Amino acid sequence: MKLKVPASRPLRIAMGVALIIGGFLGFLPILGFWMIPLGVMVLSIDFHPVRRFRRLFEVRWGRNKRTLKESQTELVLIAIAVTIVIRAIVAAVTPLSFDEAYYWLWSKNLAWGYFDHPPLIAFIIRGGTALFGDTSIGVRFIPLLLTIVGTVAVWRAGAALLKSKYHGALAALFFSLMPMIGIETLTATPDAPQIAASAVLLYALVMIAETARSEWWVAAGAAAGFALLSKYTALFLGAGIVAWLIIVPSGRRWFLSFWLYLGGALALLMFAPVLIWNAGHDWASLALQFGRVDAGGFTLRYLGEFLAAQIGLATPFIAVLAVAGLVSIIGSREAMRSPHALLVAIMAPAVVYFVWHSLHDRVQGNWPSFLYPALAIAAVAVTVSGDFQRRVLLRWSRRLALPFAVFFSALIYAQAVWGIVPVIREPVGRLLAVGIGRVAGDIEILREQNGASGVITTNYGLTGWLSFYLPTHPPVVQVNERYRWVDAPEPPAEIFAAPLLYVTEVRNDQAKELEKRFREVKPLAFIGRYRNGATYDQYRVYRVSQPTGDPLD
């Protein structure tokens, strides 16, 4: 196809300049970034330097012409990099969630265990804040670096397993764009290091399956150890490894290998301090987490909620591809005897447990996050199968998977930063400390007016938020659930000799309980946390003084 240009030199120059200007405004309707190279081509007719540049580019392009797949792989990797950069920007400008603020308090008193989880997230936050201070990016910096580690691991594992650099990169892009990963690796929670560790573990296992090199078991053991230091659910990955070695005939020989047990011993050695901490604290953390196994009676109430949450967090079209990929592996005797069986085996124990748990009690949406590296590869694996093109649902899911994931992720991030959907009390703004600055400012004014020496709460999340966001950083003490703070210093007794402010969510107001501990419990104010017309939470503030005994549990 030939492009007709004006015969007049001035008109050609004007046309070329207009195209380039329009290209730089390509984000506007009608215009597009494609106009820039077109404008350069038009200008090359009349300007020798531009023409020389064009010809030089054509020559070099001809010499170094890549295959279509190689070019596509580069574009996918660029898209992944852009996604990670955007995630870092969002992490820097959005406030902390209440869980992040809670874990930030853990980082101020490092220990080998905490009531809710193993300790890795506390050490990670401590490292980030040592570099960037007590800021959002400081708290989230190392989890963002782990995003890169996890994404690269998915890329390399997918490339090795699917025998294609392009499909490995596509799996990494699916992984990066799924809302589960976009949310959990942006925030500083135990899920972030566990996801990265499980991705590295998956890569090590793929290399064991593909190369049969024994030393990869050491890498697998180290990755499993980091996963265990993140969350106890990493134990399901160990069960998945055993299942994989049993299912695949070529894997059974590893049960006779010293290297398998060396990797396992390394993982247990890394996890040993957590066990020692639990032993010294009446097994509090393990009792909390494994106590969930003793769920309630049978009910279908939570199964649909669990499945819907995972479909949403994976996005519907990637979920369709992933399930189809796993089903195709399970349905093929050849695939179940190949390295592809690893994707099924590594996920199976956790999936079985989560489904069983959902038939008795609620499964939090983030719990299966560590399975998403394998899920992303399974979603791409089905697209390289022989009968993929014959299945209409899969073809359309493949076409719509990336556009929908991009749109959905962009919507979540835009809502977190700007609150583009006004009035509605949506979960993004509710979980993040949106509007907490105004709340903290009002509390500081009340504290000064009442001569309060500090703030008390009855909720760990609010304790974290107020500790992080109150401008003068007064003492903030949770008077109940003191088992959450066993390794933190006890609050100084002198702060209870002066008046205090009790701050509580309206829905969690325990002023009646505090009347048993203080002679004075006087309501002072009612404060709302809001943005763009949407009220995310409401707080009551009381003045309390004159404790009648020990005010702490």
Item to check | Residue match in region 287-305 (condition: assigned to a helix (DSSP H, G or I), closer than 25 Å to Gly221 by Cβ and in the same structural domain as Thr233 (by TED's automatic domain parsing)) | outcome: yes
Checklist entry - Would it be correct to say that Ile377 is surrounded by 18 or more Cβ atoms within 10 Å (Cβ to Cβ), in a helix (DSSP H, G or I) and under 22 Å from the mean Cα position of the chain (by Cα)? => result yes
Item to check | Within region 278-317, considering residues that are of a type in the set (S, T, N, Q) and touching a Pro at 6+ places or on another chain (Cβ under 8 Å), the one modelled with the lowest pLDDT | outcome: Ser285
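Table: residues versus (1) closer than 15 Å to Asp99 by Cβ; (2) aliphatic (A, V, I, L, M); (3) outside any loop (DSSP other than H, G, I, E, B).
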{"site": "Ala440", "(1), (2), (3)": "no, yes, yes"}
{"site": "Glu444", "(1), (2), (3)": "no, no, yes"}
{"site": "Gln449", "(1), (2), (3)": "no, no, yes"}
{"site": "Phe468", "(1), (2), (3)": "yes, no, yes"}
{"site": "His473", "(1), (2), (3)": "no, no, no"}
Checklist entry - For region 229-250, does any single residue satisfy the condition of being among the basic types (Lys, Arg), modelled with pLDDT of 95 or more and farther than 12 Å from Ser198 by Cα? => result no
Next on the checklist: Take Leu266 and tell me if it is buried (at least 16 other Cβ atoms within 10 Å of the Cβ), farther than 30 Å from Ser409 by Cβ, free of Cβ contacts under 8 Å to residues at least 60 places away in the same chain and in the same structural domain as Val200 (by TED's automatic domain parsing).
Outcome noted: yes
Item to check | region 390-406 residues that are assigned by TED's automatic domain parsing to the domain that holds Ala171, paired with ones that are assigned to a helix (DSSP H, G or I) and modelled with pLDDT under 90 (beta carbon under 8 Å, 6 or more apart) | outcome: Leu394/Phe388; Arg395/Phe388; Arg395/Gln389; Arg398/Phe388
Next on the checklist: Please determine whether any residue of region 111-118 is touching a Gly at 6+ places or on another chain (Cβ under 9 Å) and assigned to a helix (DSSP H, G or I).
Outcome noted: no
Checklist entry - Can you tell me which residues in region 306-327 are within 17 Å of Ser385 (Cβ to Cβ) and either surrounded by fewer than 20 Cβ atoms within 10 Å (Cβ to Cβ) or basic (Lys, Arg) (or both)? => result Val323, Val327
Item to check | Criterion: among the small types (Gly, Ala, Ser), at negative phi and without any contact (Cβ under 8 Å) to a residue 12 or more places away in the chain - qualifying residue of Ala223, Ala308, Ala284, Ala227 | outcome: Ala308
Checklist entry - Out of region 71-106, which residues are charged (D, E, K, R) and free of Cβ contacts under 8 Å to residues at least 60 places away in the same chain? => result Glu74
Next on the checklist: I'd like to know if region 241-251 contains one or more residues that are under 19 Å from Ala341 (Cα atoms), touching a Lys or Arg at 6+ places or on another chain (Cβ under 9 Å), in contact (Cβ under 8 Å) with a residue 60 or more places away in the chain and not β-branched (Val, Ile, Thr).
Outcome noted: yes
Checklist entry - Among the residues of region 158-185, which ones are crowded, with 24+ Cβ neighbours inside 10 Å and in a loop (DSSP other than H, G, I, E, B)? => result Met178, Thr185
Item to check | Boolean, Ala188 is in a helix (DSSP H, G or I), in the same structural domain as Pro339 (by TED's automatic domain parsing) and surrounded by 24 or more Cβ atoms within 10 Å (Cβ to Cβ) | outcome: no
Checklist entry - Mind checking which pairs have a first residue in region 165-179 that is closer than 10 Å to Ala379 by Cβ and a second that is surrounded by fewer than 23 Cβ atoms within 10 Å (Cβ to Cβ) and of a type in the set (Ser, Thr, Tyr), Cβ under 9 Å, 6 or more apart or different chains? => result Leu170/Thr73; Leu170/Ser164; Leu170/Thr383; Met178/Ser409
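Conditions (1) assigned to a helix (DSSP H, G or I); (2) in contact with a Phe, Trp or Tyr (Cβ under 9 Å, 6 or more places away or on another chain); (3) buried (at least 19 other Cβ atoms within 10 Å of the Cβ), marked per residue:
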site	(1), (2), (3)
Ala224	yes, yes, yes
Leu228	yes, yes, yes
Thr233	yes, yes, yes
Phe236	yes, yes, yes
Ile241	yes, no, yes
Trp244	yes, no, yes
Ser250	yes, no, no
Leu262	yes, yes, no
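For Gly429, indicate whether it is closer than 26 Å to His281 by Cβ, of a type outside the set (A, V, I, L, M, F, W, C), touching a helix residue (DSSP H, G or I) at 6+ places or on another chain (Cβ under 8 Å) and surrounded by 20 or more Cβ atoms within 10 Å (Cβ to Cβ).
No.
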Checklist outcome for this item: Within region 491-508, residues being out of contact with any Lys or Arg (no Cβ under 9 Å at 6 or more places or on another chain) and free of Cβ contacts under 8 Å to residues at least 60 places away in the same chain number 9
Checklist outcome for this item: Taking region 45-100 and the residues there that are modelled with pLDDT of 75 or more and acidic (Asp, Glu), the one that is surrounded by the fewest Cβ atoms within 10 Å (Cβ to Cβ) would be Glu74
Checklist entry - Which residues, taken from region 492-530, are part of a strand (DSSP E or B), of a type outside the set (A, V, I, L, M) and more than 17 Å from Trp465 (Cα to Cα)? => result Phe518, Arg519, Glu520, Lys522, Pro523, Phe526
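The values are calculated or read from the model by the stated rules, or taken from the named source; none is laboratory data. In this text the structure is predicted, and so the values were computed from the model without any measurement. Heads up, the Cβs are rebuilt from the backbone with ideal geometry, glycines too, and the neighbour counts pull from every protein chain shown.
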